[in-house]
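The values are calculated or read from the model by the stated rules, or taken from the named source; none is laboratory data. This one's a predicted model, so the numbers in the text were calculated from it and none came from an experiment. Using ideal geometry, Cβ is built from the backbone for each residue, glycine included, and neighbour counts are taken over all protein chains shown. Ligands, DNA and RNA are stripped out before the accessible areas are found, and what is left, the full protein with its side chains, is counted by its heavy atoms. Shrake-Rupley method; radii C 1.70, N 1.55, O 1.52, S 1.80 Å.
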Amino acid sequence: MTDTILSVDNLDVSFQTYNGVIKAVRGVDFDLKRGETLAIVGESGSGKSVTAKSIMQLLPKKTTMIDEGSITYENENLLNYSRKEMEKIRGKEISMVFQDPMTSLNPTMKVGKQVVEGIRKHQSLTKKEAYNRAQELLELVGIPNAKERMDAYPHEFSGGMRQRVVIAIALACNPKVLIADEPTTALDVTIQAQILDLMKDLQKKTGTSIIIITHDLGVVVNMASRIAVMYAGEIVETGTLEEIFYNPQHPYTWGLLQSMPKMHQDRSVPLIPIKGSPPDVSNLHDGCPFAARCPYVMKVCHDHVPDKEQVSETHSVSCWLQDERAPRIKQPDFTGGDHVVQTKTR
Ligand code: SF4
C-alpha cells in the first residue's frame, strides 16, 4: 500500500461556453497522503472547486472537457471510470461536503432518514442497523439529543448543526477521502471554528484523508498539513503549512497572507488586499497569469510562464523571482509581527 491515496497529475479542464472555451484548470498536480489534510487555497475563480468536482466527476459531461491528465485513486485512473463505476466511488470511497448545507439536504425529509439513506446506499445493513448507525453518526458529529433529533427536519436545525448533519452523511460509508469545498464559508466565525475543530477531530478518529478547499488561508492554519495555492487555474505554490506561512515564495501567497487578519495584530493597522482582480481565464495572455497584479513583475513575466522550481523537497513555486538572474527583493512583512520572514538564499 502506497503512502499516497489520491494523485492528480497534470490535469487540464476546460468548459465550452457561448463565449468560447474557458481553460479553468491547467496542469494541476498534487498528491494526497493517507490520513493527511491538504488545503487548496485561492480566490474564487482560481479553479479549486473545478479541480474538486473533476475528482468526483460532478461537472456537466456535455460542456466539460478533461483535456489532459489523470486522477489516480488507489492506483486506478478515475477518468477511465464509467458513470456507474463512479457512483460506487462517490460517497463510499470519496465523499464531498459543500458550502451551503441547505443545498445538500432535502428540506422535506427528516434528518435521520437522510443519514439512513446515505448509509444504505453503499452498505448492506438492515433498516434497524442503519438507523442505529445514523444515530451514532449524529452523536459523532456533535448533534445534542441525537435520538430525538433524528425525527427533525433540516429547517429545525441551525446552520452549524445542518453542516454537522451534512458531514455525518458524508461520513456515512466511512469514505477514505473527504473533500470539503468551503465547508464553513456560509457560517459565522464561532460556528466556523467549531466545524473545523469537528473535522480535525473526526480525522483523528477515522483516519480519513481530507482535501479542504477555501479562499481563506486563516481557515487552514489549525487544520492542514500541506497547502496548495491556486491562481487562475494553476497551482502556483505548494508546501507544508510551515513553508507556506513562514517561508512563502510566491507574490500571490504573500498577498493572501497580507490580507489575512493576524491573531496579535494591532486592529488599527489595516489589512492589505491584493490589488486588482483575477484574470479572465477565457482570455489569458502569455506569461505569468499574476503579472497584471504583481508588484514585482519583470519583463520576462509578461513573455514566458515561469517553470515550477523546488525550494525544498516539499516546497515548490512557479515564479520568475526564483531564477538566479532575477533581482533579489525584500519580501513584504505579511506576518503582522507574528513571525519572522526568511528570505531565500541563492
Ligand atoms: Fe510576479 Fe513575475 Fe513571479 Fe509572476 S513570475 S508572480 S509576475 S514576479
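For VAL13, the test of being of a type in the set (Val, Ile, Thr), part of a strand (DSSP E or B) and at pLDDT below 95 is failed. Restricting attention to region 227-256, the residues that are farther than 24 Å from LEU11 by Cα, of a type outside the set (D, E, K, R) and open to solvent by 20 Å² or more (accessible area, probe 1.4 Å) total 2.
Each row is one residue, and each column tells you yes or no for (1) under 19 Å from THR108 (Cβ atoms); (2) acidic (Asp, Glu).
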{"position": "GLN135", "(1), (2)": "no, no"}
{"position": "GLU139", "(1), (2)": "no, yes"}
{"position": "PRO144", "(1), (2)": "no, no"}
{"position": "GLU148", "(1), (2)": "no, yes"}
{"position": "PHE157", "(1), (2)": "yes, no"}
{"position": "MET161", "(1), (2)": "yes, no"}
{"position": "VAL165", "(1), (2)": "yes, no"}
{"position": "ILE169", "(1), (2)": "yes, no"}
{"position": "LYS176", "(1), (2)": "no, no"}
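Those helices (runs of 4 or more DSSP H) of region 115-194 in which 3 or more residues are acidic (Asp, Glu) and without any contact (Cβ under 8 Å) to a residue 40 or more places away in the chain occupy 127-140. Identification of strands (runs of 3 or more DSSP E) wholly contained in region 204-258 with 3 or more residues that are within 16 Å of the ligand (Cβ to nearest atom) and at negative phi yields 226-231, 234-240. Selection of first residues in region 315-326 that are free of Cβ contacts under 8 Å to residues at least 60 places away in the same chain and of second residues that are open to solvent by 20 Å² or more (accessible area, probe 1.4 Å) and more than 12 Å from the ligand (Cβ to nearest atom), restricted to Cβ pairs under 6 Å at least 6 apart or on distinct chains, gives the following pairs, ordered by first then second residue: GLU324/ARG346.
Scan region 263-279 and give yes if some residue there is in contact (Cβ under 8 Å) with a residue 40 or more places away in the chain, assigned to a loop (DSSP other than H, G, I, E, B) and under 30 Å from ARG34 (Cβ atoms), otherwise no. No - not one qualifying residue is present in region 263-279.
Residues checked against (1) assigned by TED's automatic domain parsing to the domain that holds ARG34; (2) more than 30 Å from GLU136 (Cα to Cα); (3) not β-branched (Val, Ile, Thr):
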position	(1), (2), (3)
LYS204	yes, no, yes
ILE211	yes, no, no
VAL229	no, yes, no
GLU243	no, yes, yes
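Among residues of region 232-248 that are more than 19 Å from ALA52 (Cβ to Cβ), none has a Cβ under 7 angstrom from a residue that is in a helix (DSSP H, G or I) and charged (D, E, K, R) at a sequence gap of 6+ or on a separate chain. With the structure loaded, tell me whether LEU138 is in contact with a helix residue (DSSP H, G or I) (Cβ under 6 Å, 6 or more places away or on another chain) and either open to solvent by 80 Å² or more (accessible area, probe 1.4 Å) or in the same structural domain as ILE213 (by TED's automatic domain parsing) (or both) or whether it fails that test. Taking the combined requirement at face value, the residue satisfies it. Looking at region 292-315, is at least one residue part of a strand (DSSP E or B), more than 12 Å from the ligand (Cβ to nearest atom) and surrounded by fewer than 17 Cβ atoms within 10 Å (Cβ to Cβ)? Yes, because at least one residue in region 292-315 is part of a strand (DSSP E or B), more than 12 Å from the ligand (Cβ to nearest atom) and surrounded by fewer than 17 Cβ atoms within 10 Å (Cβ to Cβ). When we screen ASN106, ASN75, ASN80 for residues that are within 22 Å of TYR131 (Cα to Cα) and either of a type outside the set (D, E, K, R) or in the same structural domain as ALA172 (by TED's automatic domain parsing) (or both), the only hit is ASN106.
Here is a yes/no grid of residues against (1) under 23 Å from ILE212 (Cβ atoms); (2) open to solvent by 40 Å² or more (accessible area, probe 1.4 Å):
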position	(1), (2)
MET56	yes, no
LEU59	yes, no
TYR81	no, yes
LYS84	no, yes
LYS88	no, yes
LYS92	yes, yes
ASP100	yes, yes
SER104	yes, yes
